[in-house]
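Below you'll find the structure, written out as structure tokens, and then a few comments.
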Amino acid sequence: MNKNDEYIKNQLLESAKIKRQLSIDSLAIIREIAEVCVKSTKNSGKIMFCGNGGSAADSQHLAAELVVRLTAKTDRKPLPALALTTDTSILTASGNDYGFDHIFSRQVEVLGKPGDVLIAISTSGNSPNVLKAVRTASSMKIITIGLSGKNGGELVKITDHFLSVPSDDVLRIQEAHITIGHIIIGLMEKLILS
């Protein structure tokens, strides 16, 4: 096996190892998150997502799958969801006028209502703008869910429901976050259609 093949194999095995660990440790919390999200949407709530960088991309990806659908195998009504990462005018105006730490919390304040859900994604668990959004959501009786990495940072302390990926490697954490998101949405669809 050449060096490049060995690198590829090791990356795949490391990713699989982390997902295997999640399959042992995190079944209950993944189910709990899906149930919370279904309850919210059944009670006219919506799911909001926020995060930075790759977590912003995950926010958009998962919101789109709730509004549209996860796979062509399942046809259902759209579920109310939005990514707080997508409106460049709001993001830049808020960043300019109030500071980068407020780009998500301003949107939560105006778009959120009690019973909604905020899914906050941060590989470190310490992103100031994500933490501010969670604190704002909590003050408004919005259910907060945190997805982070190994130690969870500050996010683990301030969310209602928290899932930690057992890794310190940002790449592995991000891979696991999108997998977890897909599983949550798949389970939501099963619960809604059952």
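Within the stretch 45-59, can you find the residues that are in contact with a Phe, Trp or Tyr (Cβ under 8 Å, 6 or more places away or on another chain) and closer than 16 Å to A176 by Cα?
Going through the stretch 45-59, the residues in contact with a Phe, Trp or Tyr (Cβ under 8 Å, 6 or more places away or on another chain) turn out to be 50, 58-59.
D58, S59, listed by residue number.
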- prompt: Within the stretch 137-146, is even one residue touching a helix residue (DSSP H, G or I) at 6+ places or on another chain (Cβ under 7 Å) and over 17 Å from S40 (Cβ atoms)?
  reply: no
- request: May I ask you to list the residues in the stretch 108-125 that are among the small types (G, A, S), surrounded by fewer than 24 Cβ atoms within 10 Å (Cβ to Cβ) and either within 14 Å of D58 (Cβ to Cβ) or free of Cβ contacts under 8 Å to residues at least 12 places away in the same chain (or both)?
  value: none
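For the stretch 45-70: of the residues being assigned to a loop (DSSP other than H, G, I, E, B) and free of Cβ contacts under 8 Å to residues at least 24 places away in the same chain, which is farthest from K113 (Cα to Cα)? Outline the logic, then answer.
Of the residues in the stretch 45-70, the ones assigned to a loop (DSSP other than H, G, I, E, B) are 45-46, 51-53, 68-70.
Right, trim to free of Cβ contacts under 8 Å to residues at least 24 places away in the same chain and you get 53, 68.
Numbers: G53: 26, V68: 22 Å.
Residue satisfying both the conditions and the ranking: G53.
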- request: Check D87 against each of (1) of a type in the set (D, E); (2) within 15 Å of the chain's Cα centre (by Cα); (3) loosely packed, with under 15 Cβ neighbours inside 10 Å and name the one condition it does not meet.
  value: (2)
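Just give me the residues in the stretch 155-173 being surrounded by fewer than 22 Cβ atoms within 10 Å (Cβ to Cβ) and either farther than 26 Å from K39 by Cβ or not acidic (D, E) (or both), in sequence order. Spell out how you get there, then give the answer.
The first filter runs over the stretch 155-173 and keeps only residues surrounded by fewer than 22 Cβ atoms within 10 Å (Cβ to Cβ), leaving 156-158, 160-162, 166-172.
If the condition is that a residue be surrounded by fewer than 22 Cβ atoms within 10 Å (Cβ to Cβ) and either farther than 26 Å from K39 by Cβ or not acidic (D, E) (or both), then V156, K157, I158, H161, F162, P166, S167, D168, D169, V170, L171, R172 are the ones that fit.
Could you look through the stretch 90-107, keep only residues that are in a loop (DSSP other than H, G, I, E, B) and hydrophobic (A, V, I, L, M, F, W, C), and pick out the one that is surrounded by the most Cβ atoms within 10 Å (Cβ to Cβ)? Full working, then the answer.
The first filter runs over the stretch 90-107 and keeps only residues in a loop (DSSP other than H, G, I, E, B), leaving 99, 103-104.
Add one more test, that the residue is hydrophobic (A, V, I, L, M, F, W, C), and what stays is 103-104.
On the way: I103: 24, F104: 32.
Only one residue fits best here, namely F104.
State whether the residues of the stretch 119-133 include one that is at pLDDT below 95, farther than 21 Å from E65 by Cα, over 12 Å from the mean Cα position of the chain (by Cα) and not in a helix (DSSP H, G or I).
Looking through the stretch 119-133, none of the residues is at pLDDT below 95, farther than 21 Å from E65 by Cα, over 12 Å from the mean Cα position of the chain (by Cα) and not in a helix (DSSP H, G or I).
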- request: Scan the stretch 123-161 for residues that are hydroxyl-bearing (S, T, Y) and under 14 Å from A83 (Cα atoms) and report the count.
  value: 0
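The values are calculated or read from the model by the stated rules, or taken from the named source; none is laboratory data. Treat the numbers as computed from the prediction; the structure is a model and nothing was measured. A quick note on method: Cβ atoms are made from the backbone with ideal geometry, for glycine too, and the neighbour counts reach across all protein chains shown.
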